[in-house]
Amino acid sequence: MSVTPLAQADRGHGHKASALAVLLRAGLPVPDGFVVTDPATDPRLIAAHLRRLGAGAVAVRSSAVAEDTETASFAGQLATVLGSRGLDEVLAAIQRCAASTRTRRAQNYRTHLDLDGEASAPVIVQKLVEADHAGVLFTRDPRSGADRLVINASWGLGESVVSGEVVPDELTVTPPTDAVRTTVGTKQTRVDLGERGLVRTSVPAAARARGCLAPNEVTRLVALGRRCEDLFGRPQDVEWAVRGGSVWILQSRPITTLTSPVGRPDPDTGPTLVTGVPSSPGRVRGPARLVRSVDDFSRVQRGDVLVCRTTDPAWTPLFRLAAGVVTETGGVLCHAAIVAREYRIPAVVGATGATTRVPDGEHVTIDGTLGTVAALPVHLERRPR
């Protein structure tokens with residue numbers, strides 16, 4: 001059938017949908033939904049499935065066959081539409097998500113990873129969890145491959161975490177005692193569902209200064225993350241949301257990159273210009289190229305170190321040119337960090353002040369294992385281009 005209840009999805013409905021179906025059948029807390037395999041499906045059939053979900057907003061997401069696999073996450077490359085209400089909005093969102101496999105950025109991503117193309121993607125429609133706080137959990141540390149869970153969390157919907165709009169809280173949970181280490185992020189803004197779509201607001205200072213997650217929520221997330229890993233037999237990248245004390249799983253996919261870097265300082269570096277969250281391991285040198293908008297894209301040349309406030313999925317083609325990436329916002333589990341790891345280029349995110357403290361054109365060393373951007377010492381300096 002062209003519309004299938006989410007719990008009945010299989011690999012023909014894409015990896016994202018089939019994984020959620022496995023979780024649902026195992027009794028894990030996943031929002032109910034359905035999968036549309038043909039965007040030309042009779043709207044009356046989609047309307048019937050919407051009525052089954054009840055009133056309220058929904059999340060509409062792509063579920064391409066090549067997406068969320070062991071080798072390619074497609075993080076941020078395909079469309080997601082949050083907060084659709086009513087049949088007309090849902091139908092439009094389905095069309096957009098199904099067609100997002102044909103966008104230039106998706107095609108560039110496929111080309112870089114040598115993947116086959118898809119004319120259209122299956123699409124998931126789920127109840128939207130209007131989260132009090134949300135984020136991402138990795139059941140292994142993606143920077144080192146270490147056996148510890150890494151959680152990124154922020155207020156509101158998880159969109160602000162995965163998109164890299166904020167510097168989230170970072171929690172690491174290390175077995176066997178499950179000791180928790182928390183680094184509180186700035187979390188300056190939040191994304192919530194409003195009457196007419198998503199709304200971005202400032203977070204009060206008191207909420208910025210404290211962590212999002214209560215101890216019992218951390219315990220619950222850790223248990224759910226490990227259960228996901230057990231079900232799929234490999235380390236998992238899990239998106240989650242908390243509403244009214246209840247924890248929901250929104251996605252579980254394989255972690256595409258696990259490395260074992262050695263974090264030794266480079267003796268041939270000058271003063272550190274900025275420090276952030278180490279997010280994709282490795283060390284390279286190159287001229288810093290400040291990019292503030294798409295108007296600056298033409299300035300980026302192969303081998304440059306991309307320095308920006310934040311990235312957007314439309315910026316992914318720059319990752320094919322850049323030797324490394326530095327952003328002022330984001331966490332280790334945001335889309336930009338995931339794609340940098342898949343492209344095998346060093347990344348430092350959450351580097352406050354990078355666009356003002358790293359001079360455009362200056363040759364720098366970016367260390368994605370240590371989370372530093374340093375000037376070159378005098379004997380290695382080169383003129384900017």
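The values are calculated or read from the model by the stated rules, or taken from the named source; none is laboratory data. A quick note: this is a predicted structure, and the numbers were derived from the prediction, not measured. Cβ: placed from backbone, ideal geometry, glycine included. Neighbour counts: every protein chain shown.
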Exercise. With respect to GLY156, is the statement that it is at pLDDT 95 or above and touching a Phe, Trp or Tyr at 6+ places or on another chain (Cβ under 7 Å) true?
Worked result: no
For this session: Residue by residue through segment 1-20, note down the ones that are in a strand (DSSP E or B) and either in contact (Cβ under 8 Å) with a residue 40 or more places away in the chain or within 13 Å of ALA98 (Cβ to Cβ) (or both).
Result: VAL3, PRO5
Exercise. Name the residues in segment 133-161 that are among the acidic types (Asp, Glu) and within 14 Å of VAL173 (Cα to Cα), would you?
Worked result: ASP141, ASP147
Exercise. Going through segment 326-360 one residue at a time, which ones are β-branched (Val, Ile, Thr) and over 22 Å from ILE151 (Cβ atoms)?
Worked result: VAL326, ILE345, THR355, THR356, VAL358
For this session: Return only the number of the condition from (1) touching a Leu at 6+ places or on another chain (Cβ under 8 Å); (2) within 30 Å of ALA17 (Cα to Cα); (3) not in a strand (DSSP E or B) that GLN251 does not satisfy.
Result: (3)
Exercise. Which number in (1) within 24 Å of THR80 (Cα to Cα); (2) touching a helix residue (DSSP H, G or I) at 6+ places or on another chain (Cβ under 7 Å); (3) of a type in the set (A, V, I, L, M, F, W, C) marks the one condition that PHE297 misses?
Worked result: (1)
Problem set entry | Every residue from segment 286-296 that is under 22 Å from the mean Cα position of the chain (by Cα) and either surrounded by 15 or more Cβ atoms within 10 Å (Cβ to Cβ) or in a helix (DSSP H, G or I) (or both) | VAL291, VAL294
Exercise. Hey, does segment 82-91 have a residue that's of a type in the set (Gly, Ala, Ser), in a helix (DSSP H, G or I) and free of Cβ contacts under 8 Å to residues at least 60 places away in the same chain?
Worked result: yes
Exercise. Which residue out of GLN301, GLN236 is of a type outside the set (Val, Ile, Thr) and closer than 30 Å to ALA21 by Cα?
Worked result: GLN236
Exercise. Take the residues of segment 297-306 that are without any contact (Cβ under 8 Å) to a residue 60 or more places away in the chain and closer than 16 Å to ILE345 by Cα: which is surrounded by the most Cβ atoms within 10 Å (Cβ to Cβ)?
Worked result: LEU306
Problem set entry | Long-range neighbours under 9 Å by Cβ, at least six apart or interchain, first residue over 18 Å from VAL284 (Cβ atoms) within segment 350-365, second surrounded by 15 or more Cβ atoms within 10 Å (Cβ to Cβ) and among the hydroxyl-bearing types (Ser, Thr, Tyr) | GLY350/THR186; GLY350/SER279; GLY350/THR327; GLY350/THR329; THR352/THR186; THR352/THR275; THR352/THR329
For this session: Kindly state which helices (runs of 4 or more DSSP H) lie completely within segment 133-237 and contain at least 1 residues that are out of contact with any Leu (no Cβ under 9 Å at 6 or more places or on another chain) and surrounded by fewer than 18 Cβ atoms within 10 Å (Cβ to Cβ).
Result: 205-208, 215-232
Exercise. Does PRO43 fit the bill of being within 19 Å of LYS127 (Cα to Cα), out of contact with any strand residue (DSSP E or B) (no Cβ under 9 Å at 6 or more places or on another chain) and not charged (D, E, K, R)?
Worked result: yes
Problem set entry | ALA354 vs. criteria touching an Asp or Glu at 6+ places or on another chain (Cβ under 9 Å) and over 28 Å from TRP155 (Cβ atoms) | no
Seminar exercise, completed: Checked THR355, THR311, THR365 against criteria (of a type in the set (Val, Ile, Thr) and assigned to a helix (DSSP H, G or I)); the one match is THR355
For this session: Could you tell me whether segment 255-264 includes any residue that is modelled with pLDDT of 90 or more, within 16 Å of the chain's Cα centre (by Cα) and of a type outside the set (Phe, Trp, Tyr)?
Result: yes
Exercise. Which one of the conditions (1) over 24 Å from LEU137 (Cβ atoms); (2) surrounded by 15 or more Cβ atoms within 10 Å (Cβ to Cβ); (3) touching a residue at least 24 places away in the same chain (Cβ under 8 Å) does VAL325 fail to meet, given that it meets all the rest?
Worked result: (1)
For this session: Quick one: count up the residues across segment 160-186 that are charged (D, E, K, R), within 18 Å of the chain's Cα centre (by Cα) and modelled with pLDDT of 95 or more.
Result: 2
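Matching residues to (1) modelled with pLDDT under 85; (2) crowded, with 19+ Cβ neighbours inside 10 Å:
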residue	(1), (2)
ALA72	yes, yes
LEU87	no, no
ALA93	no, yes
ALA119	yes, no
VAL123	no, yes
